[in-house]
1. Scanning the range 184-213 for residues that are closer than 30 Å to residue 19 by Cα and within 16 Å of ligand 2 (Cβ to nearest atom), which turns out modelled with the lowest pLDDT?
2. Before we move on, is residue 96 more than 30 Å from residue 230 (Cα to Cα), within 13 Å of ligand 2 (Cβ to nearest atom) and under 17 Å from the mean Cα position of the chain (by Cα)?
3. Would you check if residue 89 is over 28 Å from residue 8 (Cα atoms) and touching a residue at least 24 places away in the same chain (Cβ under 8 Å)?
4. Among (1) modelled with pLDDT under 95; (2) exposed (fewer than 13 other Cβ atoms within 10 Å of the Cβ); (3) closer than 24 Å to residue 242 by Cβ, where does residue 40 come up short?
5. Scan the range 48-76 for residues that are within 16 Å of ligand 2 (Cβ to nearest atom) and crowded, with 19+ Cβ neighbours inside 10 Å and jot them down.
6. Is it the case that residue 181 is within 16 Å of ligand 1 (Cβ to nearest atom) and among the hydrophobic types (A, V, I, L, M, F, W, C)?
7. Consider only pairs whose beta carbons are under 7 Å apart and that are at least six residues apart or on different chains; among these, list those whose first residue lies in the range 56-83 and is closer than 26 Å to residue 18 by Cα and whose second residue is surrounded by 15 or more Cβ atoms within 10 Å (Cβ to Cβ) and among the small types (Gly, Ala, Ser).
8. Quick test of your reading of the structure: residue 26 fulfils all but one of (1) touching a strand residue (DSSP E or B) at 6+ places or on another chain (Cβ under 7 Å); (2) more than 21 Å from residue 206 (Cβ to Cβ); (3) surrounded by 14 or more Cβ atoms within 10 Å (Cβ to Cβ). Name the failing condition by number.
Amino acid sequence: MSNNVFKLNKITFSYPQSEPVLSDLNLEINEGERLSILGANGCGKSTLLKILAGLIFPQSGTFTAFGDKIEQKSFSGEISTTYHRRVGFIFQDSEAQLFCSTVYEELAFGPLQLGLPRDTIKKRIDELPAMLGVEKLLDKPPFRLSGGEKKKIAIGSVLILNPDVLILDEPTNSLDPRSQAWLLNLLQALSKAGKTLIFATHNLDLVPQVSDRAILFDEDHTIAADMPVKELLKNAELLKRVNLVDQHYHTHPWDFNP
Ligand SMILES: Nc1ncnc2c1ncn2[C@@H]1O[C@H](COP(=O)(O)OP(=O)(O)O)[C@@H](O)[C@H]1O
Ligand SMILES: [Mg+2]
């Protein structure tokens, strides 16, 4: 039996009154994979992630998740609830994800909304803040937090649902080095626990630490490469062509042994 989590077959997506952002896109993502989606600004990374997260729907092609066809017309009620429990999406901008009046409410919101039993919610809220190191923030309003703290709460509000798949859009943007290191450790632990992890980023330093496979978008929105991260990072010509590095890129720090 296939261990596909997602399968996209000839997917096309356009925003209203614009050219297609994705056209005839084919992609398979397997359970437990760690995948980076790379490409210059505007190439379609966030759009693809939002399709995977069940937030927007392609106009044509077939999108299958966990073996079931995902279609806008039937994506409501229990189907949508179950999907959003299994597939967590962490927005690039944490502010887009935080809207409750306290951190505690923020963490409880998703599980309440998606109908988790109250004792499960309570148990997870008792455990999660310590894991995230945010115990002291529970009574604070999220808008008062630092960028790194906001990201932790945004991640917490998704992890509390214990999703099988975690999708992160530019997760290290605006994080200081300590918060980035914290996030990397967390992602590595989640991967070891069997989660499927999918990232969009143009931070090449992050890529080998969080992923084994990379999908590289060209600026014309097509997939220029789907290959092991180690191979991709050595391919300076390809990275230059898709505008991910400039002409000064020769090698990558961890190919370099001082
Ligand atoms: N809500 C939207 N409405 C119209 N166009 C959009 C919208 N979101 C993104 N786009 C356009 O779609 C293209 C791909 O955007 P996006 O998926 O956000 O790229 P990336 O995440 O790689 O920077 C860009 O040209 C962008 O301007
Ligand atoms: Mg984006």
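The values are calculated or read from the model by the stated rules, or taken from the named source; none is laboratory data. Source: prediction; values computed, not measured. Don't worry about glycine lacking a Cβ; one is built from the backbone with ideal geometry, like all the others, and counts go over all protein chains shown.
1. Start the filter on the range 184-213 by keeping residues that are closer than 30 Å to residue 19 by Cα, which leaves 197-204, 207, 213.
Cutting the leftovers down to within 16 Å of ligand 2 (Cβ to nearest atom) gives us 198-204, 207.
On the way: 198: 98, 199: 95, 200: 95, 201: 89, 202: 79, 203: 82, 204: 87, 207: 92.
For the range 184-213, the residue satisfying everything is 202.
2. Numbers: more than 30 Å from residue 230 (Cα to Cα): yes; within 13 Å of ligand 2 (Cβ to nearest atom): yes; under 17 Å from the mean Cα position of the chain (by Cα): yes.
Judged against the criteria, residue 96 is a match.
3. Values: over 28 Å from residue 8 (Cα atoms): no; touching a residue at least 24 places away in the same chain (Cβ under 8 Å): yes.
No.
4. Failed condition: (2).
5. Residues of the range 48-76 within 16 Å of ligand 2 (Cβ to nearest atom): 48-53, 55-56.
Selection gives 48, 49, 51, 52, 53.
6. Numbers: within 16 Å of ligand 1 (Cβ to nearest atom): no; among the hydrophobic types (A, V, I, L, M, F, W, C): yes.
It is false that residue 181 is within 16 Å of ligand 1 (Cβ to nearest atom) and among the hydrophobic types (A, V, I, L, M, F, W, C).
7. As it stands, the answer is 59/14; 70/54; 75/54, since those pairs meet every condition given.
8. Residue 26 satisfies every listed condition except (3).
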